[in-house]
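Report on one structure; see the data block that follows.
The values are calculated or read from the model by the stated rules, or taken from the named source; none is laboratory data. Keep in mind that this is a model prediction, so the values were computed, not measured. In this analysis, Cβ positions are derived from the backbone assuming ideal geometry, glycine residues included, and neighbour counts consider all displayed protein chains. Just the protein is used for accessible areas: all its heavy atoms, side chains included, with ligands, DNA and RNA removed. Shrake-Rupley method; radii C 1.70, N 1.55, O 1.52, S 1.80 Å.
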Amino acid sequence: MGQTVDEAALDILFREARTHTKWQPRPVSDDLLRDLYELLKWGPTSANAEPARFVFLRSKDSKERLRPALAPLNVDKTMTAPVTVIVAYDLKFYEHLPELFPQNPGMAKLFESSPDMVETTAKRNSSLQGAYLIMAARALGLDCGPMSGFDHGKVDEEFFAAGKPCFGCDQEFFPEGHVKANFLCNLGYGDPSSLHPRLARLPFNEACSLL
Ligand SMILES: Cc1cc2nc3c(=O)[nH]c(=O)nc-3n(C[C@H](O)[C@H](O)[C@H](O)COP(=O)(O)O)c2cc1C
(Lines give C-alpha, C1' and ligand atoms only; values in the text may rest on other atoms or scores of the structure.)
Protein backbone atom coordinates (compact mmCIF):
# COMPACT_ATOMS: atom_id res chain seq x y z
CA MET A 1 0.00 0.00 0.00
CA GLY A 2 2.63 2.54 1.10
CA GLN A 3 0.22 5.49 1.12
CA THR A 4 -0.34 7.78 4.08
CA VAL A 5 -3.61 9.40 5.12
CA ASP A 6 -3.69 13.18 5.05
CA GLU A 7 -3.16 15.56 7.96
CA ALA A 8 -6.91 16.12 8.40
CA ALA A 9 -7.45 12.38 8.84
CA LEU A 10 -4.63 12.17 11.40
CA ASP A 11 -6.30 14.98 13.37
CA ILE A 12 -9.68 13.23 13.26
CA LEU A 13 -8.27 9.87 14.29
CA PHE A 14 -5.62 10.94 16.82
CA ARG A 15 -4.49 14.50 17.38
CA GLU A 16 -7.83 16.30 17.75
CA ALA A 17 -9.93 13.35 18.90
CA ARG A 18 -10.90 13.51 22.56
CA THR A 19 -12.56 11.30 25.12
CA HIS A 20 -16.08 12.66 25.61
CA THR A 21 -18.39 12.64 28.60
CA LYS A 22 -21.09 15.14 27.52
CA TRP A 23 -23.21 14.58 24.45
CA GLN A 24 -25.12 16.60 21.90
CA PRO A 25 -28.79 15.62 21.55
CA ARG A 26 -28.07 14.02 18.17
CA PRO A 27 -29.04 10.39 17.65
CA VAL A 28 -26.83 7.63 16.26
CA SER A 29 -28.66 5.45 13.75
CA ASP A 30 -28.57 1.67 13.66
CA ASP A 31 -27.27 1.96 10.09
CA LEU A 32 -24.27 3.89 11.38
CA LEU A 33 -23.64 1.18 14.00
CA ARG A 34 -23.71 -1.40 11.23
CA ASP A 35 -21.25 0.71 9.20
CA LEU A 36 -19.08 0.90 12.31
CA TYR A 37 -18.91 -2.87 12.61
CA GLU A 38 -18.32 -3.26 8.87
CA LEU A 39 -15.23 -1.08 9.27
CA LEU A 40 -13.80 -2.32 12.58
CA LYS A 41 -14.12 -5.99 11.59
CA TRP A 42 -11.15 -5.59 9.21
CA GLY A 43 -8.71 -4.94 12.06
CA PRO A 44 -6.31 -7.86 12.55
CA THR A 45 -6.69 -10.47 15.31
CA SER A 46 -4.58 -13.51 16.05
CA ALA A 47 -5.57 -16.49 13.89
CA ASN A 48 -8.26 -14.15 12.55
CA ALA A 49 -10.25 -15.32 15.57
CA GLU A 50 -12.26 -12.13 16.22
CA PRO A 51 -13.17 -12.96 19.82
CA ALA A 52 -14.83 -9.59 20.51
CA ARG A 53 -18.60 -9.36 20.77
CA PHE A 54 -20.32 -5.98 20.78
CA VAL A 55 -23.63 -5.20 22.47
CA PHE A 56 -24.96 -1.79 21.44
CA LEU A 57 -27.25 -0.35 24.11
CA ARG A 58 -29.43 2.30 22.46
CA SER A 59 -32.73 2.16 24.33
CA LYS A 60 -33.57 3.60 27.73
CA ASP A 61 -34.47 0.12 28.95
CA SER A 62 -31.13 -1.36 28.01
CA LYS A 63 -29.29 1.53 29.67
CA GLU A 64 -31.29 0.96 32.84
CA ARG A 65 -30.12 -2.64 32.85
CA LEU A 66 -26.54 -1.34 32.81
CA ARG A 67 -26.99 1.40 35.40
CA PRO A 68 -26.48 -0.72 38.58
CA ALA A 69 -23.11 -1.93 37.27
CA LEU A 70 -21.68 1.53 36.59
CA ALA A 71 -19.16 3.27 38.84
CA PRO A 72 -20.88 6.39 40.26
CA LEU A 73 -18.74 8.79 38.20
CA ASN A 74 -19.69 6.97 35.01
CA VAL A 75 -23.47 7.01 35.47
CA ASP A 76 -24.42 10.40 33.98
CA LYS A 77 -22.07 10.22 31.02
CA THR A 78 -23.40 6.78 30.16
CA MET A 79 -27.10 7.39 30.70
CA THR A 80 -26.97 10.52 28.49
CA ALA A 81 -24.90 8.96 25.69
CA PRO A 82 -26.89 8.02 22.58
CA VAL A 83 -25.23 4.58 22.55
CA THR A 84 -23.13 2.56 24.98
CA VAL A 85 -21.24 -0.42 23.61
CA ILE A 86 -20.32 -3.36 25.81
CA VAL A 87 -17.07 -4.60 24.28
CA ALA A 88 -17.00 -8.22 25.35
CA TYR A 89 -15.16 -11.41 24.43
CA ASP A 90 -16.41 -14.88 23.70
CA LEU A 91 -14.43 -17.64 25.39
CA LYS A 92 -15.75 -20.02 22.76
CA PHE A 93 -14.43 -17.90 19.90
CA TYR A 94 -12.46 -20.90 18.64
CA GLU A 95 -15.68 -22.59 17.49
CA HIS A 96 -15.66 -20.17 14.55
CA LEU A 97 -12.09 -20.98 13.50
CA PRO A 98 -13.01 -23.61 10.88
CA GLU A 99 -14.74 -20.78 9.02
CA LEU A 100 -12.39 -17.91 9.96
CA PHE A 101 -9.03 -19.70 9.78
CA PRO A 102 -9.61 -22.72 7.51
CA GLN A 103 -5.95 -23.10 6.54
CA ASN A 104 -5.15 -24.57 9.98
CA PRO A 105 -7.79 -27.15 10.93
CA GLY A 106 -5.95 -28.06 14.17
CA MET A 107 -6.24 -24.59 15.65
CA ALA A 108 -9.72 -25.01 17.19
CA LYS A 109 -8.64 -28.21 18.98
CA LEU A 110 -5.50 -26.50 20.27
CA PHE A 111 -7.60 -23.77 21.89
CA GLU A 112 -10.16 -26.24 23.19
CA SER A 113 -7.48 -27.97 25.22
CA SER A 114 -5.79 -24.77 26.50
CA PRO A 115 -8.09 -22.61 28.66
CA ASP A 116 -5.22 -20.25 29.56
CA MET A 117 -4.45 -19.64 25.90
CA VAL A 118 -8.16 -19.07 25.23
CA GLU A 119 -8.40 -16.42 27.93
CA THR A 120 -5.19 -14.64 26.96
CA THR A 121 -6.14 -14.64 23.29
CA ALA A 122 -9.70 -13.50 23.96
CA LYS A 123 -8.64 -10.62 26.22
CA ARG A 124 -5.78 -9.44 24.04
CA ASN A 125 -7.70 -9.50 20.80
CA SER A 126 -10.98 -8.13 22.13
CA SER A 127 -9.02 -5.19 23.55
CA LEU A 128 -7.50 -4.66 20.13
CA GLN A 129 -10.92 -4.89 18.54
CA GLY A 130 -12.22 -2.37 21.07
CA ALA A 131 -9.46 -0.02 19.96
CA TYR A 132 -10.41 -0.63 16.32
CA LEU A 133 -13.96 0.30 17.33
CA ILE A 134 -12.77 3.62 18.75
CA MET A 135 -10.74 4.46 15.67
CA ALA A 136 -13.48 3.33 13.27
CA ALA A 137 -16.02 5.42 15.20
CA ARG A 138 -13.80 8.48 14.88
CA ALA A 139 -13.32 7.80 11.17
CA LEU A 140 -17.11 7.83 10.81
CA GLY A 141 -17.48 11.15 12.63
CA LEU A 142 -18.47 9.78 16.02
CA ASP A 143 -16.95 10.57 19.40
CA CYS A 144 -16.13 7.96 22.03
CA GLY A 145 -15.95 7.68 25.79
CA PRO A 146 -14.32 4.38 26.79
CA MET A 147 -14.77 3.22 30.41
CA SER A 148 -13.40 0.51 32.63
CA GLY A 149 -15.17 1.79 35.74
CA PHE A 150 -17.94 -0.78 36.13
CA ASP A 151 -18.71 -4.04 37.89
CA HIS A 152 -17.79 -6.83 35.47
CA GLY A 153 -19.70 -9.47 37.41
CA LYS A 154 -22.92 -7.46 37.26
CA VAL A 155 -22.61 -6.79 33.52
CA ASP A 156 -21.82 -10.43 32.78
CA GLU A 157 -24.76 -11.55 34.88
CA GLU A 158 -27.19 -9.07 33.39
CA PHE A 159 -26.24 -9.34 29.73
CA PHE A 160 -24.39 -12.61 29.23
CA ALA A 161 -25.63 -15.08 31.82
CA ALA A 162 -27.27 -18.35 30.93
CA GLY A 163 -30.80 -18.14 29.65
CA LYS A 164 -30.98 -14.36 29.64
CA PRO A 165 -31.82 -12.53 26.44
CA CYS A 166 -29.24 -10.27 24.84
CA PHE A 167 -31.16 -7.02 24.58
CA GLY A 168 -31.06 -5.52 21.12
CA CYS A 169 -29.62 -8.63 19.48
CA ASP A 170 -31.58 -10.29 16.71
CA GLN A 171 -31.36 -13.52 18.61
CA GLU A 172 -30.10 -14.76 21.93
CA PHE A 173 -26.61 -15.56 20.74
CA PHE A 174 -24.85 -15.44 24.12
CA PRO A 175 -26.82 -18.18 25.83
CA GLU A 176 -24.24 -20.04 27.93
CA GLY A 177 -22.40 -17.46 29.97
CA HIS A 178 -19.16 -17.81 28.01
CA VAL A 179 -19.14 -14.15 27.01
CA LYS A 180 -17.46 -11.67 29.37
CA ALA A 181 -17.35 -7.88 29.38
CA ASN A 182 -13.99 -6.26 28.63
CA PHE A 183 -14.80 -2.53 28.66
CA LEU A 184 -17.62 -0.10 27.89
CA CYS A 185 -17.57 2.67 25.32
CA ASN A 186 -20.05 5.51 25.00
CA LEU A 187 -20.69 6.67 21.44
CA GLY A 188 -22.30 9.80 20.08
CA TYR A 189 -21.53 13.35 19.08
CA GLY A 190 -19.60 14.94 21.92
CA ASP A 191 -20.13 18.44 23.29
CA PRO A 192 -16.74 20.09 22.74
CA SER A 193 -17.55 22.96 25.13
CA SER A 194 -17.36 20.56 28.08
CA LEU A 195 -13.83 19.31 27.41
CA HIS A 196 -10.99 19.95 29.83
CA PRO A 197 -7.54 20.86 28.48
CA ARG A 198 -5.85 17.81 27.06
CA LEU A 199 -3.58 15.78 29.30
CA ALA A 200 0.10 15.27 28.54
CA ARG A 201 1.42 12.18 26.78
CA LEU A 202 4.72 10.47 27.43
CA PRO A 203 7.45 11.63 25.07
CA PHE A 204 9.11 9.16 22.73
CA ASN A 205 12.18 8.63 24.89
CA GLU A 206 10.09 7.69 27.95
CA ALA A 207 7.74 5.30 26.17
CA CYS A 208 9.91 3.81 23.45
CA SER A 209 13.28 2.15 22.98
CA LEU A 210 15.19 1.88 19.77
CA LEU A 211 17.28 -1.29 20.01
C1 LIG B 1 -9.94 1.38 28.57
C2 LIG B 1 -10.28 2.75 29.08
C3 LIG B 1 -10.96 2.88 30.27
C4 LIG B 1 -11.34 4.13 30.73
N5 LIG B 1 -12.12 4.21 31.86
C6 LIG B 1 -12.69 5.38 32.18
C7 LIG B 1 -13.68 5.47 33.18
O8 LIG B 1 -14.08 4.46 33.78
N9 LIG B 1 -14.23 6.68 33.44
C10 LIG B 1 -13.86 7.81 32.77
O11 LIG B 1 -14.40 8.87 33.05
N12 LIG B 1 -12.90 7.77 31.82
C13 LIG B 1 -12.33 6.58 31.48
N14 LIG B 1 -11.39 6.53 30.46
C15 LIG B 1 -11.03 7.78 29.76
C16 LIG B 1 -9.54 8.16 29.87
O17 LIG B 1 -9.26 8.75 31.11
C18 LIG B 1 -9.21 9.10 28.71
O19 LIG B 1 -9.44 8.39 27.51
C20 LIG B 1 -7.79 9.64 28.72
O21 LIG B 1 -7.57 10.45 29.84
C22 LIG B 1 -7.43 10.40 27.47
O23 LIG B 1 -8.29 11.50 27.28
P24 LIG B 1 -8.34 12.26 25.85
O25 LIG B 1 -8.76 11.22 24.84
O26 LIG B 1 -9.37 13.33 26.00
O27 LIG B 1 -6.99 12.78 25.56
C28 LIG B 1 -10.98 5.30 30.02
C29 LIG B 1 -10.26 5.15 28.81
C30 LIG B 1 -9.92 3.92 28.35
C31 LIG B 1 -9.20 3.80 27.03
- [ ] Return, for the Cα atoms of the stretch 1-116, the radius of gyration and Dmax in Å, separated by a comma.
- [x] 18.5, 50
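Hey, what D do you get for the chain in µm²/s if you plug the Kirkwood alpha-carbon radius into Stokes-Einstein at 10 °C and 1.306 mPa s? Show your work: numbers first, answer last.
Details: Rh = 18.5 Å.
The estimated diffusion coefficient comes to 86 µm²/s.
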Task: CD proxy at 222 nm, helix term only [per DSSP H run n ≥ 4: -39500 (n - 2.57); per residue of the chain; nearest 500] - done: -9500 deg cm²/dmol
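Per the 1.4 Å probe, what fraction of the accessible area of the stretch 1-151, in percent, lies on carbon and sulfur atoms?
Answer for the stretch 1-151: carbon and sulfur cover 56 percent of the accessible area.
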Open item on the list: Quick check on my link table: of LYS77/LYS154; LYS63/LYS92; LYS41/LYS123; LYS60/LYS154; LYS22/LYS63; LYS22/LYS180, which ones sit more than 23 Å apart, alpha carbon to alpha carbon?
Closed with: LYS63/LYS92; LYS22/LYS180
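Rounded to the nearest whole Å², what accessible area per residue is found for the stretch 17-79 with the 1.4 Å probe?
On the way: 3540 Å² over 63 residues.
Per residue, the stretch 17-79 has 56 Å² of solvent-accessible surface.
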TODO: Just read off the accessible area of LYS41 with the full protein assembly in place, 1.4 Å probe, to the nearest 10 Å².
DONE: 60
- [ ] Mind giving me the FRET efficiency for PHE204 and ASP61? R0 is 45 Å, r the Cβ-Cβ distance, nearest 0.05 is fine.
- [x] 0.45
Task: Net +/- balance of residues flanking SER126 in space, Cβ distance below 12 Å, scoring K and R +1, D and E -1 - done: +1
Task: Whole-Å distance, taken between Cα centres, linking the stretch 1-30 and the stretch 62-131 - done: 23
